[in-house]
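Asks: This is the structure, below, for whatever I ask next.
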Amino acid sequence: MNCASCPHKDCYDGKDCLDSKDEITKLYTEQDINLLKTSTAIESRYYMEKTRIEEIILFSEMMNYEKIGMAFCLGLEEESRIIHSIFKKHFKVYSVCCKICGIDKSDFNLEKIHENRKESMCNPIGQAWFLNKKKTDLNIIIGLCMGHDLLFTEHSQAPVTTLVVKDRILAHNPLGAVYSKYYRDKLSI
């Protein structure tokens, strides 16, 4: 099965290519269905009308979320401050930067960017730990590094959504590599 290469996408019209509809339908819990109903309502009511930030606010309000967590990269400190100010108009917001606890990279024998100086590591498990202690209803990733986002998501007790994907080269727009013929050529796509 390779949906990305399928020219027809007959599933859009109800075809079950895997013959697994009944089996997969049973996987959805009541909580899953509640999340699905809320996200589908936003999609149908505001299709092509709302930004991702606005959708997060609408979704959180519809889910009756009160506490929002923000796990952000220190490199996006200014953007995170602005996003925090937007969300705090609607929710109690807790934010935590990636360098929480100031753990030295050498404590885990991690590679450094600059070998001859002290460097604190990114601490996605610490970020999740902090937000878990605050009992957030939803956690938002803002530019965590590749891999750190995986650890944060794995350790977060609240559902996680991504607002910003880190891409230092393309101004945090990873699809720029797909939209640009020059990058597609570079990536041999």
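What follows is calculated from the coordinates using simple rules that are stated; it is not laboratory data. From a predicted model like this one, the values you see are computed outputs, not experimental measurements. Positions of Cβ are generated from backbone atoms using ideal geometry, with glycine treated the same way; all protein chains shown enter the neighbour counts.
Asks: Quick one: net charge of V178's neighbours, Cβ under 13 Å, K/R +1, D/E -1?
Replies: Taking every other residue near V178 into account, the sum is +1.
Asks: Under the rule of at least 5 residues apart or a separate chain, name every residue whose amide H is placed under 5 Å from the amide H of K166.
Replies: Residues meeting the criterion, in which the H sits 1.01 Å from N, are G143, L144.
Asks: On to the next question. Whole-Hz Karplus ³J(HN,Hα) for the stretch 24-31, in order, using 6.51 cos²θ - 1.76 cosθ + 1.60 and θ = phi - 60°, x for Gly and Pro?
Replies: 6, 4, 5, 6, 6, 7, 4, 5
Asks: No other cysteine beta carbon under 4.7 Å away is the test; run it over the chain and list who passes.
Replies: C3, C6, C11, C17, C73, C97, C101, C145
Asks: Same structure again: I'd like to compare 42-51, 65-74: which one has the highest average count of other Cβ atoms within 10 Å, and what's the full order after that?
Replies: 65-74, 42-51
Asks: Of all the C-alpha pairs in the stretch 85-184, what % are more than 16 Å from each other?
Replies: 64 percent
Asks: Only one of the listed values, (1) 38; (2) 42; (3) 32, was derived from the coordinates as percent of Cα pairs over 29 Å apart; which label is it?
Replies: Label (1) holds the value from this structure.
Asks: Based solely on its DSSP helices, what 222 nm [θ] is calculated for the chain when runs of n ≥ 4 H residues each add -39,500 (n - 2.57) and the sum is averaged over all residues, nearest 500 deg cm²/dmol?
Replies: For the chain, the value works out to -11000 deg cm²/dmol.
Asks: Moving on to the next point. Could you give the length gained by full extension between N116 and L18, i.e. 0.36 nm per residue of separation minus their alpha carbon distance, to one decimal place?
Replies: Extending this stretch completely gives an extra 29.8 nm.
Asks: Here is a further query. Of I56, I142, I103, which is the most mobile in a GNM of the chain whose springs link Cα atoms less than 10 angstrom apart?
Replies: Result: I103 has the largest fluctuation of those listed.
Asks: Which lysines have a Cα lying under 24 Å from the Cα of K181, excluding residues fewer than 8 positions away in the same chain?
Replies: K166
Asks: Let me ask you something else. Magnitude of the Cβ-charge dipole of the chain, K/R +1 and D/E -1, about the Cα centre, nearest 20 debye?
Replies: Computed about the Cα centre, the dipole is about 660 debye.
Asks: Report ³J(HN,Hα) in whole Hz for each residue of the stretch 58-68, in order, from the Karplus equation J = 6.51 cos²θ - 1.76 cosθ + 1.60 where θ = phi - 60°; Gly and Pro get x.
Replies: 3J(HN,Hα) across the stretch 58-68, in whole Hz: 4, 4, 5, 5, 5, 8, 6, 6, 10, 10, 10.
Asks: Sticking with this structure for a sec: For the residues M63, M1, M121, M146, what sequence is obtained by ranking on other C-beta atoms within 10 Å, fewest first?
Replies: If I rank by nearby Cβ atoms, fewest first, I get M1, M146, M63, M121.
Asks: Provide the net charge surrounding C101, with neighbours chosen by a C-beta distance below 15 Å and charges set as Lys +1, Arg +1, Asp -1, Glu -1.
Replies: +1
Asks: Now, a different point. Quick check on the stretch 65-186: of the DSSP beta bridges with both residues there, what percent are antiparallel, nearest 5%?
Replies: Looking only at bridges with both residues in the stretch 65-186, the antiparallel portion is about 5 percent.
Asks: Can you run phi through the Karplus equation (6.51, -1.76, 1.60; θ = phi - 60°) for the stretch 129-137 and list ³J(HN,Hα) in whole Hz, with x for Gly and Pro?
Replies: Per residue, the Karplus-derived 3J(HN,Hα) values read 4, 4, 5, 4, 4, 7, 6, 5, 8 Hz.
Asks: Using modelled amide H (1.01 Å from N, peptide plane; none on Pro or chain starts), what sits under 5 Å from the amide H of S95, excluding residues fewer than 5 places away?
Replies: M70
Asks: While we're here: Around K112, with a cut-off of 11 angstrom between Cβ atoms, what is the net charge of the other residues, counting Lys and Arg +1 and Asp and Glu -1?
Replies: The answer is -1.
Asks: List the lysines whose Cα sits under 25 Å from the Cα of K9, skipping any in the same chain fewer than 8 residues away.
Replies: Once the sequence-local lysines are set aside, what remains near K9 is K21, K26, K37.
Asks: What's the FRET efficiency of L187 with Q157 using the Cβ-Cβ distance as r and R₀ = 30 Å, to the nearest 0.05?
Replies: 0.25
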